């Protein structure tokens, strides 16, 4: 089965041609071509390219360019603004975009969104209308994310980054898995799946990050492997773990059977996004 990374970010250097909204502690550039080289080096067949909100906000034009250059390697997810009065048109246009497989919304505390926000209601109705899953970042705010899922049982949700706040620089916090009980409770929602993305950043031990497997075993038990989507969250994880380590920690661990690994590292992602990569 193909190996699919459920979350990568690629971007150009910060220039007047395509300026960044904010400057995170990421590499100066990881272009689409550079991302493909990184994937080829470690045998990753394809990836879900999440247009970088921190840099480009709601503009996914660079992601579209990269997918056009590498159509078999990337599928696209675009952040969508719930406050945009033209949200219906935005999502309808995105659905027609080659490679588009989903949209994204932010439910972090910083976003300040109430689950009853009418803008979110409009966005999620349009996602259902166009059969697009909604990627939701709700780390540090899992209760609000759960309320939004419950409010929209017909929407397909994909929970970003295990629903757990992850560090941008080492070390991991003393109790990195403090919200795990809430994440396990989320699994009761049949219209949600979860990305096991950026998990290595939660380790307080060096590669191959052995301390992540106890908590992850509880995630797998609650959600089932068919609802768990492995991913690196490269390049957000850059300052904590390199791309090769984020792949190999899962590919070579004895904690997964061959069938579990195949589902976690590709099968569940292909099912959730209804997309599979093709190389060459």
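Looking only at residues of region 1-20 that are more than 19 Å from residue 69 (Cβ to Cβ) and surrounded by 13 or more Cβ atoms within 10 Å (Cβ to Cβ), we find that the one that is farthest from the chain's Cα centre (by Cα) is 14.
Given the criteria modelled with pLDDT under 95 and either more than 28 Å from residue 26 (Cα to Cα) or surrounded by fewer than 18 Cβ atoms within 10 Å (Cβ to Cβ) (or both), does residue 280 qualify? When the stated conditions are applied, residue 280 passes them. Restricting attention to region 208-253, the residues that are in a strand (DSSP E or B) and either more than 18 Å from the chain's Cα centre (by Cα) or surrounded by fewer than 18 Cβ atoms within 10 Å (Cβ to Cβ) (or both) total 0. Cβ-Cβ distances below 6 Å connect the following pairs, each with a first residue in region 45-61 that is touching a residue at least 12 places away in the same chain (Cβ under 8 Å), a second residue that is surrounded by fewer than 24 Cβ atoms within 10 Å (Cβ to Cβ) and outside any loop (DSSP other than H, G, I, E, B), and a separation of six or more residues or different chains: 49/76; 53/79; 58/79. In this structure, does residue 45 turn out to be under 21 Å from residue 278 (Cα atoms) and buried (at least 16 other Cβ atoms within 10 Å of the Cβ)? Against the criterion (under 21 Å from residue 278 (Cα atoms) and buried (at least 16 other Cβ atoms within 10 Å of the Cβ)), residue 45 qualifies. Considering region 56-79 alone, what residues qualify as being surrounded by fewer than 21 Cβ atoms within 10 Å (Cβ to Cβ) and either within 20 Å of residue 158 (Cα to Cα) or under 16 Å from the mean Cα position of the chain (by Cα) (or both)? The answer is 57, 58, 79. Output yes when any residue across region 245-254 is modelled with pLDDT of 95 or more and farther than 22 Å from residue 36 by Cα, and no when none is. Looking through region 245-254, at least one residue is modelled with pLDDT of 95 or more and farther than 22 Å from residue 36 by Cα. For first residues located in region 185-205 and without any contact (Cβ under 8 Å) to a residue 40 or more places away in the chain and at negative phi, partners that are surrounded by fewer than 19 Cβ atoms within 10 Å (Cβ to Cβ) and not in a strand (DSSP E or B) and lie 6+ apart or on another chain with Cβ distances below 7 Å form the pairs 203/211; 204/171; 204/211; 205/211.
Residues checked against (1) at pLDDT 95 or above; (2) in a loop (DSSP other than H, G, I, E, B); (3) in contact with a strand residue (DSSP E or B) (Cβ under 7 Å, 6 or more places away or on another chain); (4) crowded, with 16+ Cβ neighbours inside 10 Å:
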residue: 108; (1), (2), (3), (4): yes, yes, yes, yes
residue: 121; (1), (2), (3), (4): yes, no, no, no
residue: 124; (1), (2), (3), (4): yes, no, yes, yes
residue: 127; (1), (2), (3), (4): yes, no, yes, yes
residue: 131; (1), (2), (3), (4): yes, yes, no, no
residue: 145; (1), (2), (3), (4): yes, no, yes, yes
residue: 150; (1), (2), (3), (4): yes, no, no, no
residue: 170; (1), (2), (3), (4): no, yes, no, no
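Hey, can you tell me all the residues within region 210-230 that are more than 11 Å from residue 180 (Cβ to Cβ) and touching a strand residue (DSSP E or B) at 6+ places or on another chain (Cβ under 8 Å)? Residues satisfying the conditions are 220, 223, 227, 228, 229, 230.
Is it the case, given these coordinates, that residue 191 is over 22 Å from residue 24 (Cα atoms) and surrounded by fewer than 21 Cβ atoms within 10 Å (Cβ to Cβ)? For residue 191, the condition - over 22 Å from residue 24 (Cα atoms) and surrounded by fewer than 21 Cβ atoms within 10 Å (Cβ to Cβ) - is met. Checked against the criterion of being buried (at least 21 other Cβ atoms within 10 Å of the Cβ), in a loop (DSSP other than H, G, I, E, B) and out of contact with any helix residue (DSSP H, G or I) (no Cβ under 6 Å at 6 or more places or on another chain), region 93-100 has no qualifying residue. Within the set 43, 112, the sole residue that is more than 18 Å from the chain's Cα centre (by Cα) and under 18 Å from residue 160 (Cα atoms) turns out to be 112. Is one or more of the residues making up region 22-32 in contact with a strand residue (DSSP E or B) (Cβ under 9 Å, 6 or more places away or on another chain) and without any contact (Cβ under 8 Å) to a residue 40 or more places away in the chain? Checked region 22-32: at least one residue is in contact with a strand residue (DSSP E or B) (Cβ under 9 Å, 6 or more places away or on another chain) and without any contact (Cβ under 8 Å) to a residue 40 or more places away in the chain. When residues in region 24-48 are screened for being over 19 Å from residue 245 (Cα atoms) and in contact with a helix residue (DSSP H, G or I) (Cβ under 7 Å, 6 or more places away or on another chain), 2 of them pass.
The values are calculated or read from the model by the stated rules, or taken from the named source; none is laboratory data. Since we're looking at a predicted model, the values are computed, not measured. Cβ coordinates were reconstructed from backbone atoms using ideal geometry, including for glycine residues, and neighbour counts include every protein chain displayed.
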